[in-house]
Amino acid sequence: MRDSTVNSELESAAAVLQAENQEKPEIILQAENVGKVFPGKEGDVRAVDSVDLELRAGEIFGLVGESGCGKSTLSRLLLRLLDCSSGRITYHGEDITSLPRPQLQGLRRKMSLVFQDPNTSLNPRMTIYDNLARPFKIHNLARGREEITVEIVRLLKSMGLQAEHMIRYPHELSGGQKQRVVVARALAVDPEIIFLDEPTSALDVSVQAKILRLLARIKQEKDLTYFFISHDINLIRVISDRIGVMYLGKIVELGEVGDIFSEPYHPYTRGLFSSVPEPRPERKIETVLMGEVPSPVDPPEGCYFHPRCPEVMSVCRSKSPEFTIRQGRRTACHLFEKD
Ligand code: SF4
């Protein structure tokens, strides 16, 4: 568990992130019934299944769920790094689901990705200069070594690094410094949205708060939108405006973070939250997750969560629940269809 100093630092960094979020309801990215099936030796793997969600300008959308539930695959579908097997994705209302390669290049400038592990994100055989120069060259954002160097020095300084870091190799930098370089590379194209895939989980807890503060500052300065993926429920709680809860490739609950954390509706959300240490025991949610996550090669009939659900009903074994919307919150559970 984190000590109280680190926790309070994380919370103060998160408070800055949230304070910068203004009401901006414009939808900039939308997924409608999006699915992804990968062929596998034992059958098709449904990594993402019928996902509907929207990303609003200026918000931090947190995506939470257990490892292997499809969070990273969903983010890569939204980024168009992977093709959808079904469904539709729009960016500012334009259908980008089947965008041809030349137009995808333009989209790559609007949406960046920060991976979990800076050690695998950066090319170890390239200097920091060469790692950072690539987006400028690919997107023709600066011409010639001199212009690119000016841009790289500007980026490094804005990340709290020095110009001399550009002549070093990744292994010569600390984990926190490397992740700053990864964030700098994501910013090189001046994006509108940054997808942050567990951006602090590979770092020491003492470095996590510094990276979160950095993300807070650049969000404020550049008016960015974040799609933040994490299995760390406490982190998602403190940084997000809205969250989606994912189970076996599906979003099962989606809404404002305060609403969902104060009263989670979906039995899976309740089970997920109950596994997290709660500093205020009176708020502890007692729903224990039973059994193992089923295989996405052969998901259960009906509601995918039914073999583990403490509130399972007969309809749950045969019929997949649709989203029910109550006070802006979407929950995919037959319990709520009866109201
Ligand atoms: Fe549980 Fe049924 Fe709701 Fe699924 S639909 S979460 S099995 S009550």
- prompt: Under a plain spin-label model, where a point goes 7 Å from the Cα along Cα-to-Cβ, how far apart in nm are residue 163 and residue 262?
  reply: 5.2 nm
- prompt: Protein chains only, probe 1.4 Å: how do 293, 189 rank by accessible area, largest first?
  reply: 293, 189
query: Taking the Cβ-Cβ separation of residue 301 and residue 119 as r and a Förster radius of 35 Å, what is the calculated FRET efficiency to the nearest 0.05?
result: 0.25
query: When only DSSP loop residues count, what GluC sites (Glu not before Pro) in segment 23-90 have their Cβ near at most 14 other Cβ atoms within 10 Å?
result: 23, 26, 42
- prompt: Could you give the dipole magnitude of segment 156-203 about its Cα centre, charging the beta-carbon of Lys and Arg +1 and that of Asp and Glu -1, in debye to the nearest 20?
  reply: 200 debye
message: Probe radius 1.4 Å, ligands and nucleic acids left out: which of 71, 319, 157 has the largest accessible area, and how do the rest follow?
response: 157, 319, 71
task: Would you mind computing the Rg to Rh ratio of segment 121-188 from its alpha-carbon coordinates, Kirkwood style for Rh?
output: 0.92
field: Built amide H within the under 5 Å cut-off of residue 48, gap 5+
entry: 36
task: For residue 315 and residue 275, compute 0.36 nm times the residue count separating them, minus their Cα-Cα distance, and round to one decimal in nm.
output: 11.7 nm
field: Accessible surface, per residue, of the chain when the full set of protein chains is kept, probe 1.4 Å, Å²
entry: 47 Å²
- prompt: Size of the dipole of the chain about the Cα centre, Lys and Arg at +1 and Asp and Glu at -1 on the beta carbon, nothing else charged, in debye to 20?
  reply: 900 debye
- line: Here the Cα Rg-to-2.2 N^0.38 Å ratio for the chain is 1.03
task: Would you mind listing how long segment 200-258 runs along its three principal axes, going by Cα atoms, in whole Å with the largest first?
output: 32, 27, 20
field: Residue among 77, 309, 269 farthest towards the positive dipole end of the chain, charges placed on Cβ
entry: 77
message: So, R0 is 22 Å and r is the distance between the beta-carbons of residue 101 and residue 134; what FRET efficiency does that work out to, to 0.05?
response: 0.80
query: How would 334, 171 line up by accessible area, probe 1.4 Å, largest first?
result: 171, 334
task: Ignoring everything but the protein chains, give the 1.4 Å probe accessible area of residue 308 in square angstrom, nearest 10.
output: 10 Å²
- prompt: Expressed as a whole number of Å, what is the distance separating the alpha-carbon centroids of segment 154-195 and segment 291-308?
  reply: 41 Å
- prompt: Given the protein chains as shown and a 1.4 Å probe, how many square angstrom of residue 137 are accessible, to the nearest 10?
  reply: 110 Å²
task: In debye, nearest 20, what is the charge dipole magnitude of segment 33-186 about its Cα centre with +1 on Lys and Arg Cβ and -1 on Asp and Glu Cβ, if you could check?
output: 480 debye
task: Run through every distinct alpha carbon pair of segment 147-247 and return the Kirkwood hydrodynamic radius in angstroms, one decimal place.
output: 14.6 Å
Span-like helix ranges in the chain, DSSP H, alpha carbon extent 15 angstrom or more, Kyte mean at least -1.0: 4-19, 128-138, 144-158, 175-187, 205-222
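The values are calculated or read from the model by the stated rules, or taken from the named source; none is laboratory data. These numbers were taken from a predicted model, which means no experiment stands behind them. Cβ atoms come from the backbone with ideal geometry, glycine included; neighbour counts cover every protein chain shown. Each accessible area value is taken on the protein alone, full model and side chains, heavy atoms only, with ligands, DNA and RNA left out. Shrake-Rupley method; radii C 1.70, N 1.55, O 1.52, S 1.80 Å.
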